[in-house]
Amino acid sequence: MFYDAIKNSHGLPLDPFKALVAPRPIAWVSTVNAKGQANLAPYSFFNAFSEDPFYVAIGSGGYKHTLSNIEATGAFAVNLVSHELAEAMSRSSAAVEADVDEFELAGVAKAPCNLMPLPRVAASPACFECKLHTVVPLPNDQGGVNDYLILGRVVGIHIDDRFIVNGRVNTAAMQLVARLGYSEYATVTEAWRLRRP
Ligand SMILES: Cc1cc2nc3c(=O)[nH]c(=O)nc-3n(C[C@H](O)[C@H](O)[C@H](O)COP(=O)(O)O)c2cc1C
């Protein structure tokens, strides 16, 4: 099949787009508001875009608390999600008021960030401490903006030492959860190697 992506005329019962851009890693983003209240929410429009230096980006569908907090403080942390944290991650996606601490809602303990006045998810296998670089508004066809790209510079990285084996990160052992389409997820449970020419 082919369809016009501007009209989004796929003719299917559900939009297939996110089932095609898959798997998407999940950024479980912790932030604080100007009063220092903690916020935690998952974002699967997420990836890394450079390694010298490290930049990551998150897509916000609407002006959500996470984006508001990032603009207020210039800081955020991206916690990675292991399979055992998946249900807690999902609980933290509930649409709640800005003053609700989703760490408590999700039932996950906080640990302090090293470089930012932010909490991170203590049980997360890895966490990127980030400084806001730019927020890019993404225009829609009605002349407005609903979506935003949030670009951040990674300034600190936590790795759970249990996953460092013989000097390498054992990604498969972290059992990282990724988002597919619809309500589907995938878990990274094995790795295979292909050397570059
Ligand atoms: C696995 C998962 C991935 C999500 N990815 C995104 C995303 O990439 N962008 C987005 O705007 N919302 C995403 N959401 C929805 C947000 O988590 C949800 O709107 C949340 O309430 C936002 O919280 P906040 O207002 O505290 O930032 C996702 C939800 C789940 C469960």
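The values are calculated or read from the model by the stated rules, or taken from the named source; none is laboratory data. This one's a predicted model, so the numbers in the text were calculated from it and none came from an experiment. Every residue, glycine as well, gets a Cβ built from its backbone with ideal geometry; the counts of neighbours run over all protein chains shown.
Condition first: more than 10 Å from the ligand (Cβ to nearest atom), part of a helix (DSSP H, G or I) and not hydroxyl-bearing (S, T, Y). Now tell me which residues in the stretch 58-84 satisfy that.
Answer for the stretch 58-84, where residues must be more than 10 Å from the ligand (Cβ to nearest atom), part of a helix (DSSP H, G or I) and not hydroxyl-bearing (S, T, Y): E71, A72, H83, E84.
I need a count of the residues in the stretch 181-195 that are loosely packed, with under 10 Cβ neighbours inside 10 Å and in contact (Cβ under 8 Å) with a residue 40 or more places away in the chain.
0
Conditions (1) more than 11 Å from the ligand (Cβ to nearest atom); (2) assigned to a helix (DSSP H, G or I); (3) surrounded by fewer than 15 Cβ atoms within 10 Å (Cβ to Cβ); (4) at pLDDT 95 or above, marked per residue:
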site: A86; (1), (2), (3), (4): no, yes, no, yes
site: E104; (1), (2), (3), (4): yes, yes, yes, yes
site: Y148; (1), (2), (3), (4): no, no, no, yes
site: I157; (1), (2), (3), (4): yes, no, yes, yes
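Filter the stretch 43-57 for residues that are closer than 18 Å to H158 by Cβ and within 13 Å of the ligand (Cβ to nearest atom) and give the result.
Of everything in the stretch 43-57, those that are closer than 18 Å to H158 by Cβ and within 13 Å of the ligand (Cβ to nearest atom) turn out to be F46, V56.
Condition first: in a strand (DSSP E or B) and either touching a Cys at 6+ places or on another chain (Cβ under 6 Å) or among the hydroxyl-bearing types (S, T, Y) (or both). Can you find one or more residues in the stretch 109-128 that meet it?
Within the stretch 109-128, the first condition is being in a strand (DSSP E or B), and the residues that meet it are 110-112, 119-121, 126-128.
Subset that is either touching a Cys at 6+ places or on another chain (Cβ under 6 Å) or among the hydroxyl-bearing types (S, T, Y) (or both): 120.
Yes, the conditions are met somewhere in the stretch 109-128.
I'd like to know if the stretch 168-186 contains one or more residues that are in a strand (DSSP E or B) and more than 19 Å from A86 (Cα to Cα). Even if it seems obvious, please write down each step before you answer.
The initial filter retains those residues of the stretch 168-186 that are in a strand (DSSP E or B), namely 168-169, 176-179, 185-186.
Applying the additional criterion that residues be more than 19 Å from A86 (Cα to Cα) yields 168-169.
Yes; the residues of the stretch 168-186 include at least one that is in a strand (DSSP E or B) and more than 19 Å from A86 (Cα to Cα).
Cβ-Cβ below 8 Å, separation at least six or inter-chain, first residue in the stretch 155-180 and on the phi > 0 side of the Ramachandran plot, second assigned to a helix (DSSP H, G or I): which pairs?
Pairs that qualify, where the first residue is on the phi > 0 side of the Ramachandran plot and the partner is assigned to a helix (DSSP H, G or I), are Q175/H83; Q175/E84.
Can you list residue pairs whose Cβ atoms sit under 8 Å apart, with the first residue in the stretch 93-112 being over 10 Å from H65 (Cα atoms) and the second being surrounded by fewer than 16 Cβ atoms within 10 Å (Cβ to Cβ) and of a type in the set (V, I, T)? Count only pairs 6 or more apart in sequence or on different chains.
Pairs found: E102/V96; L105/V96.
Of all residues in the stretch 1-35 being basic (K, R) and either within 16 Å of the ligand (Cβ to nearest atom) or closer than 20 Å to A48 by Cα (or both), which is farthest from the chain's Cα centre (by Cα)?
Restricting to residues being basic (K, R) and either within 16 Å of the ligand (Cβ to nearest atom) or closer than 20 Å to A48 by Cα (or both), the top hit is K35.
Among V135, V81, V108, which is the only one that is over 24 Å from Y63 (Cβ atoms), surrounded by 15 or more Cβ atoms within 10 Å (Cβ to Cβ) and in contact with a helix residue (DSSP H, G or I) (Cβ under 9 Å, 6 or more places away or on another chain)? Walk me through how you get there before you give the answer.
Details: V135 fails: over 24 Å from Y63 (Cβ atoms); V81 fails: over 24 Å from Y63 (Cβ atoms).
One residue alone meets the criteria, V108.
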